[in-house]
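See below for the structure under consideration.
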Amino acid sequence: MPNPYEVLGVKFDDGDETIRQAYLGAVRRFPPERCPRDFQRVRDAYERIKDEESRLALLLFEPAQGETIDDLLAEEKCRTSQKRIGLSSLLSLLNETR
């Protein structure tokens, strides 16, 4: 599955509004009537990273290339933009924000 950030041309730390604007621009470039495959790819990418909750799920549950979920859980690590942090640390951070 293609990297949704690359498909939309956004960075990992861009906010909801930036991602939304990139999505709308891509939809204008690839209208569903003329480019159904490209439109579907753009729409799928946007659905995967459209809000903070979706981006967190992508971060936690989609393995990096060559890794499996079991590898990540065994190592107690998950992906971030620049470094790897312990899964337990990330989960405790999430609990604090609720």
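The values are calculated or read from the model by the stated rules, or taken from the named source; none is laboratory data. Quantities reported herein were computed from a predicted structural model and do not represent experimental measurements. No Cβ is skipped: glycine too gets one built from the backbone with ideal geometry, and neighbour counts run over all protein chains shown.
Computed quantities for the displayed model
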quantity: Within segment 9-27, considering residues that are part of a helix (DSSP H, G or I) and closer than 16 Å to ASP44 by Cβ, the one nearest to the chain's Cα centre (by Cα); calculated: ILE19
quantity: Verdict on ARG41 being out of contact with any Pro (no Cβ under 9 Å at 6 or more places or on another chain) and either at negative phi or surrounded by 13 or more Cβ atoms within 10 Å (Cβ to Cβ) (or both); calculated: no
quantity: Residue in segment 65-87 that is modelled with pLDDT of 70 or more and out of contact with any Asp or Glu (no Cβ under 8 Å at 6 or more places or on another chain) present; calculated: no
quantity: Conditions (1) among the hydrophobic types (A, V, I, L, M, F, W, C); (2) touching a Phe, Trp or Tyr at 6+ places or on another chain (Cβ under 8 Å); (3) modelled with pLDDT of 80 or more; number of the one not met by ALA22; calculated: (2)
